[in-house]
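J.: What follows is a single structure, and I will ask about it in a moment.
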Amino acid sequence: MGLLGFLVILLPVFYTAPLGAASFANQASIRELTEDQWLELQSGTRTYTVDPYGYVSYWYFKDTGDLVAWEMDGSVRVLEQLDTQQFEQMNLSYLRNDHALLLWDAGIGRVFHYDLTTREMRQLDESHNFRSYFHHGDYVIEDDYTIFAFGGFGEFTFKDQLLYFNATNKEWLDIPYYGDRPDEQYYGDLVLDTKTQDFYYIQFYDLNVKMYRVDQNNWRWDFLGDFNIDDFPSHGGFVSGMRRYNPDLKLIYLYGTYFYDISTNEIRDYGIGNGDLPQVANFMMGAYNEETKNWSMVVQSKNKELSLDFIRYRLFDSYGTPRAYDIILPESAALINQRAMGVMVIALVSFSFLLAFLTQKRKASTRKRQDDALNFDVNEDRVVVRIADRRVVFSDALDLRFWSFVLELKGRNLQTCELKEFDTQVLPPLSNESQYSVKRNKLIRHINGKLGLMFIELKKSELDRRYKRLVFHFGEVLVE
């Protein structure tokens, strides 16, 4: 059964209150912005989307009403100055088929179509501004101006509703769904796998990402995993209507240098060095062009203070070689079938407790056998680490600082340390906490990967999950 056919048989919940005006004429002339004017405008509250085919990003600033086109060649044009009371806060998405923008109320409600060629604005819906679903996740299908929206916040309430709009019904419908319901208090975004027609929901919270898959045939949600990435997203404004999906590699772009691999249920953290993009300080958001294999990326620039750049980027170099990346595995996965009942649930829980007991017993035995298995010598130009019958050599300057710090901790009979102490003693001076977090995590993965075991790990406090410390396994080596 097709999507529309299935929706027809749903018992819809309509949100109605017709708006009088159906079209809006725009007579103001297009004006160019200087670099300083564009920089000043960026300080306001904004929403943006990206056209990866024409290499243009479109921005709406709710404080001034400016609808802006920023092209990759650096030119910035104010297309319209909209009425800030009528267009108070809007989401937007680029429509390639129409060469147009789809705009809708950030809190869900009115939907507008802006033709970029004729500069005509017309209203598609017969609803009103609900103001109840701000920061909802969304996905737009161009054929009939379909908008799927999930979650959001409004009227002092977090939402976990799945809503649907298209230009045929002209209203927003509530789609019943079941399965693993996400925690509604965290924001996220919807992405469509164009091959399987499954939706994926990316949910950001604290320093983690949760992934869900949504089956359009029955609207069942399945939890795929909880990934700790220790690097909170910095979008610099709410992002909507993005083409996050790469169908060739089956990757979903998250933010920064992180991509979710649908095939393996892993997150890839791409290593982008100064030799690749020396002007980039931080990636914000990108959209994929499946024809050129390029990502059109909005980034923070190192060249100009507080300035943004708009660049093209590929996940392979000029020779076609894939770029290097680290793999982040989920901390947990959806293992419980929601339809399991009675004896099956009891048996599964009992088996889990038994398995946990046996696993802990095996780990304790392993730790005891490997007590004092890890030894190391620190010299001026290298560190030699002995693990049982293996020798691992470290010679990088950062590695030497790391092992010197480890020796100091061991001399004080300490196995843990504060993140701040570690950053100050080991890492080079950096400009902000986000950069320290990224550098620290890469060093941890590097050390553990080279040793082939879990020597250092980041652990959350049992009393306060927001509080973290570094733990070093000296004699008690946890072998992966």
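J.: For the range 176-195, give me the residue count where each residue is among the charged types (D, E, K, R), in contact (Cβ under 8 Å) with a residue 40 or more places away in the chain and surrounded by fewer than 19 Cβ atoms within 10 Å (Cβ to Cβ).
T.: Kept after step one, since they are among the charged types (D, E, K, R), are these residues of the range 176-195: 180-181, 183-184, 189, 193, 195.
Those still in the list that are in contact (Cβ under 8 Å) with a residue 40 or more places away in the chain too: 180-181, 189, 193, 195.
Filter once more, keeping what is surrounded by fewer than 19 Cβ atoms within 10 Å (Cβ to Cβ): 180-181, 193, 195.
Going through the range 176-195 one residue at a time, the tally reaches 4.
J.: Got at least one residue in the range 319-328 being part of a strand (DSSP E or B), at pLDDT below 85 and aromatic (Phe, Trp, Tyr)?
T.: The answer is no; no qualifying residue exists.
J.: Counting just the residues of the range 196-210 that are buried (at least 19 other Cβ atoms within 10 Å of the Cβ) and out of contact with any Gly (no Cβ under 8 Å at 6 or more places or on another chain), which one comes out farthest from residue 437 (Cα to Cα)?
T.: 199
J.: Taking the criterion of being assigned by TED's automatic domain parsing to the domain that holds residue 95 and modelled with pLDDT of 90 or more, would at least one residue in the range 275-288 satisfy it?
T.: Initially, the range 275-288 is screened for residues assigned by TED's automatic domain parsing to the domain that holds residue 95, giving 275-288.
Next, only the ones that are modelled with pLDDT of 90 or more stay: 287-288.
Looking through the range 275-288, at least one residue is assigned by TED's automatic domain parsing to the domain that holds residue 95 and modelled with pLDDT of 90 or more.
J.: Pick from the range 189-229 the residues that are part of a strand (DSSP E or B) and of a type in the set (Asp, Glu): which of them is farthest from residue 161 (Cα to Cα)?
T.: Restricting attention to the range 189-229, the residues satisfying the condition of being part of a strand (DSSP E or B) are 189-192, 199-205, 208-215, 220-228.
From what's left, of a type in the set (Asp, Glu): 189, 215, 222, 226.
Numbers: 189: 13, 215: 16, 222: 16, 226: 21 Å.
So the residue we want is 226.
J.: Looking only at residues that are under 26 Å from residue 244 (Cα atoms) and surrounded by fewer than 22 Cβ atoms within 10 Å (Cβ to Cβ) in the range 48-67, which one is farthest from the chain's Cα centre (by Cα)? So that I can check it myself, show each step before the final result.
T.: Step one: filter the range 48-67 for residues under 26 Å from residue 244 (Cα atoms), giving 48-62, 66-67.
Going one step further and asking which of them are surrounded by fewer than 22 Cβ atoms within 10 Å (Cβ to Cβ), we end up with 53-56, 62, 66.
Numbers: 53: 22, 54: 24, 55: 22, 56: 22, 62: 24, 66: 27 Å.
My answer is 66.
J.: State which residue is farthest from residue 213 (Cα to Cα) when the search covers only the range 172-201 and only residues that are in contact with a Leu (Cβ under 8 Å, 6 or more places away or on another chain) and aromatic (Phe, Trp, Tyr).
T.: Filtering the range 172-201 for residues that are in contact with a Leu (Cβ under 8 Å, 6 or more places away or on another chain) and aromatic (Phe, Trp, Tyr), the one farthest from residue 213 (Cα to Cα) comes out as 172.
J.: A follow-up question, please. Only one residue in 306, 249 is modelled with pLDDT of 90 or more and assigned to a loop (DSSP other than H, G, I, E, B), so which one is that? Break it down into steps so the answer makes sense when it comes.
T.: On the way: 306 fails: modelled with pLDDT of 90 or more.
Result of the check over 306, 249: 249.
J.: Tell me yes or no: at least one residue of the range 72-87 is in contact (Cβ under 8 Å) with a residue 12 or more places away in the chain, within 21 Å of residue 171 (Cβ to Cβ) and in the same structural domain as residue 155 (by TED's automatic domain parsing).
T.: Checking the range 72-87: at least one residue is in contact (Cβ under 8 Å) with a residue 12 or more places away in the chain, within 21 Å of residue 171 (Cβ to Cβ) and in the same structural domain as residue 155 (by TED's automatic domain parsing).
The values are calculated or read from the model by the stated rules, or taken from the named source; none is laboratory data. No experiment lies behind these values; they were computed from the predicted model shown. Every residue, glycine among them, receives a Cβ derived from its backbone with ideal geometry; neighbour counts consider all protein chains shown.
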